[in-house]
Amino acid sequence: MDRRLPVAALALCLLATLVLAGCGGGGKAANATSTASSTTPFASTASPAAPTADAGRIRAVDLAQAAPVQTLVAGTGGAFVASQVIYGDLTGDGIDEAVVPLASGGTMGNIAYVVLTPSGSGVSALPLPKGDASSGGVAVSVVGGKLVDTRPQYGPNDPNCCPSMLRKTTYGWDGGKFVVASTETVTNPDAGAKGTPAAASTGTSPAPP
């Protein structure tokens with residue numbers, strides 16, 4: 001009996017074991033690579049948000065020469081005062097609008113205003129529900145991205161200088177126009193100081209001096 005057969009068989013077994021071990025190792029490597037690929041997050045293909053370079057573009061416009069301002073000046077006789085212009089984003093698009101009051105030049109205070117938004121190379125006016133002119137004493141402000149219009153509300157005995165009450169209307173932008181968000185009537189804090197009788201809003205005449 002040839003004793004070399006077991007040796008040859010043993011050699012074949014060892015060789016087969018090595019081949020299988022190599023195949024098994026290769027399978028693990030492939031699995032590891034596959035697992036790594038499946039857990040690696042994909043790089044975002046979304047473009048970053050464009051910088052709002054136009055956010056303050058309206059501040060560079062000569063508003064005194066803007067057509068809507070000139071039209072309002074001609075119609076009311078008011079005067080443009082650069083220091084009274086208020087800037088703020090009123091439409092929620094990240095771009096500032098300009099609220100431009102017109103002064104009476106006297107005790108009537110501001111008599112009109114217009115809201116301007118960038119349009120092309122210039123500006124355009126945004127329509128206002130209440131209109132942009134008043135008999136005087138209109139004050140405007142921007143609070144929390146909304147337009148606040150404050151106008152005098154006179155009692156029966158109030159002098160022109162000193163309304164006893166103020167009517168505040170807050171406007172919000174609905175995507176295409178200004179709409180009334182809230183209204184309130186408040187006491188004019190300057191009425192008494194300017195000589196308006198405290199009882200004026202009730203219609204009671206003050207006692208003679």
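Some points to look at:
- Among the residues of segment 99-114, none qualifies, meaning not one is assigned to a helix (DSSP H, G or I), among the hydrophobic types (A, V, I, L, M, F, W, C), modelled with pLDDT under 85 and surrounded by 10 or more Cβ atoms within 10 Å (Cβ to Cβ).
- Cross-chain or 6+ apart pairs with Cβ under 6 Å, segment 165-187 first and in contact (Cβ under 8 Å) with a residue 24 or more places away in the chain and under 14 Å from residue 150 (Cβ atoms), then among the aromatic types (Phe, Trp, Tyr) and part of a strand (DSSP E or B): 171/178
- If you filter segment 55-107 down to residues that are hydroxyl-bearing (Ser, Thr, Tyr) and within 23 Å of the chain's Cα centre (by Cα), you find that the one that is nearest to residue 122 (Cα to Cα) is 87.
- Just one of the numbered conditions (1) over 22 Å from residue 56 (Cα atoms); (2) without any contact (Cβ under 8 Å) to a residue 12 or more places away in the chain is not true of residue 120: (1).
The values are calculated or read from the model by the stated rules, or taken from the named source; none is laboratory data. Being a predicted model, the structure only gives us computed values, none of them experimental. All Cβ positions, glycine included, derive from the backbone under ideal geometry; neighbour counts span all protein chains shown.
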